[in-house]
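To start, the structure under review is shown below, and the notes come after it.
The values are calculated or read from the model by the stated rules, or taken from the named source; none is laboratory data. Note that the coordinates shown come from a computational prediction; the quantities given were computed from them, not determined experimentally. With ideal geometry, Cβ positions are generated from the backbone for all residues, glycine too; neighbour counts draw on all protein chains shown. Remember, those area values only see protein heavy atoms, side chains included, never the ligands or the DNA or RNA. Shrake-Rupley method; radii C 1.70, N 1.55, O 1.52, S 1.80 Å.
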Amino acid sequence: MVSKHLLTRFVNVTRPILHRPRPTNLCAYPDFFAHKLQTRRYSDTPPPSAAAPASVSLPSSEAPVYTPPSVSNLNSKSSLNEAELKKFAAIAETWWDADGPFKPLHAMNPTRLAFIRSTLCRHFGKDPHCTRPFEGLKFVDVGCGGGILSEPLARMGATVTGVDAVEKNIKIAHLHADLDPLTSSIEYRCTTAVLFAGGLDLDLSEWTGVNKVVPVEEKLVEEQRKFDAVLALEVIEHVADPAEFCKSLSALTNLGGATVISTINRSMRAYATAIVLAEYVLHWLPRGTHQWSSFLTPEELVLILERASISVQEMAGFVYDPLTGRWSISDDISVNFIAYGTKNSE
């Protein structure tokens, strides 16, 4: 049990530093790219040890040092490794437990949906105040998990396809969606024992190496599957090659369509809150859920998306107030942030 005193000490870490109105496009501000661009490959300087409370003992493997992904057996630049698959498969059955390992996502979901509703209604010229503003639009939720984002999108009228790496996730998503007529039409995609991320569909039914490599996005493209909006929330930090992953997302997006990605900033503050606090102090997430070296800075994400023909139009942060237990949208992108972009060319 964490004392209220210790929790209060983290308030000034998790609250936004500035309380000014959120701009419509942070990328338009000159100071957004003012400092030197960091890169994943060379970002091997750990945050100060003071970021972790003295009472918390972090294993050396969790120190924020870049570790190249182990993908020597794969014939693609982008994939999830076996460890990532096992990590999420182990807790798949708890997706709809609001007090379980996915409690932070359940708490954050209304705030994520508020951003999505606002930006996509503006993008598609829809009324954000109507009950089903996304009627007639096709969305794909990449890394859908148990469907906690797919279901509310379907209730808002979208025709939703959910794709995930873990077969257990898809089964849970199917079962839960069938409980509500408004969500039973969601199409969930997962083949046999499938691993999907950044363009890979791996048959891992007998783990003796990689048995089958079939790009999921290519299958969807071959089926002439295009979507008005492509969403990948809290996924890109778990793929080995974010650039290839974003190219895959772009390939699924209609020309003029929208792409929404959320992730965690690779900052010292994110290490202190998203890893030390969330995993080792408050135990909101299983230890080892995140690797600091796999996070992306907002600048890196913008550049990666630009190279994938997606122009970022708006970016915002999500901040958590530990005293109220609520998330809110902010212009503070130092930890959790979300980006909305448009596809400007094929």
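From (1) at negative phi; (2) at pLDDT 90 or above, pick out the condition that doesn't hold for Glu234.
Condition not satisfied by Glu234: (1).
Conditions first: (1) out of contact with any Cys (no Cβ under 9 Å at 6 or more places or on another chain); (2) part of a loop (DSSP other than H, G, I, E, B); (3) modelled with pLDDT of 90 or more. Asp141 passes all but one, so which condition is the exception?
It fails just one condition, (2).
Give the residue, chosen from Ile329, Ile333, that is within 19 Å of Met108 (Cα to Cα), β-branched (Val, Ile, Thr), modelled with pLDDT of 90 or more and open to solvent by 40 Å² or more (accessible area, probe 1.4 Å). Break it down into steps so the answer makes sense when it comes.
Numbers: Ile333 fails: open to solvent by 40 Å² or more (accessible area, probe 1.4 Å).
Answer to the selection: Ile329.
Taking the condition of being surrounded by 18 or more Cβ atoms within 10 Å (Cβ to Cβ) and in a helix (DSSP H, G or I), how many residues in region 304-323 meet it?
Total meeting the criteria: 2.
Look through region 159-169, keep the residues that are open to solvent by less than 10 Å² (accessible area, probe 1.4 Å) and more than 16 Å from the chain's Cα centre (by Cα), and return whichever of them is modelled with the highest pLDDT.
So, considering only residues that are open to solvent by less than 10 Å² (accessible area, probe 1.4 Å) and more than 16 Å from the chain's Cα centre (by Cα), the one modelled with the highest pLDDT is Val160.
Take region 256-284 and flag every residue that is within 30 Å of Leu137 (Cα to Cα) and open to solvent by less than 10 Å² (accessible area, probe 1.4 Å).
Gly257, Ala258, Thr259, Val260, Ile261, Ser262, Thr263, Ile264
Among the residues of region 285-295, is any crowded, with 22+ Cβ neighbours inside 10 Å and modelled with pLDDT of 90 or more?
Within region 285-295 (the criterion being crowded, with 22+ Cβ neighbours inside 10 Å and modelled with pLDDT of 90 or more), the answer is yes, since at least one residue qualifies.
Looking for whichever is at pLDDT below 95, surrounded by fewer than 19 Cβ atoms within 10 Å (Cβ to Cβ) and acidic (Asp, Glu) here; the options are Glu135, Glu93. Which one fits?
Numbers: Glu135 fails: at pLDDT below 95.
Of the residues listed, the single one that is at pLDDT below 95, surrounded by fewer than 19 Cβ atoms within 10 Å (Cβ to Cβ) and acidic (Asp, Glu) is Glu93.
Give me the pairs, please: first residue somewhere in region 131-156 and on the phi > 0 side of the Ramachandran plot, second residue anywhere and among the acidic types (Asp, Glu), beta-carbon distance under 9 Å, and either six or more positions apart or on two chains.
These pairs meet every condition: Gly136/Asp228; Gly143/Asp164; Gly143/Glu234; Gly145/Asp164; Gly145/Glu234; Gly147/Asp141; Gly147/Asp164.
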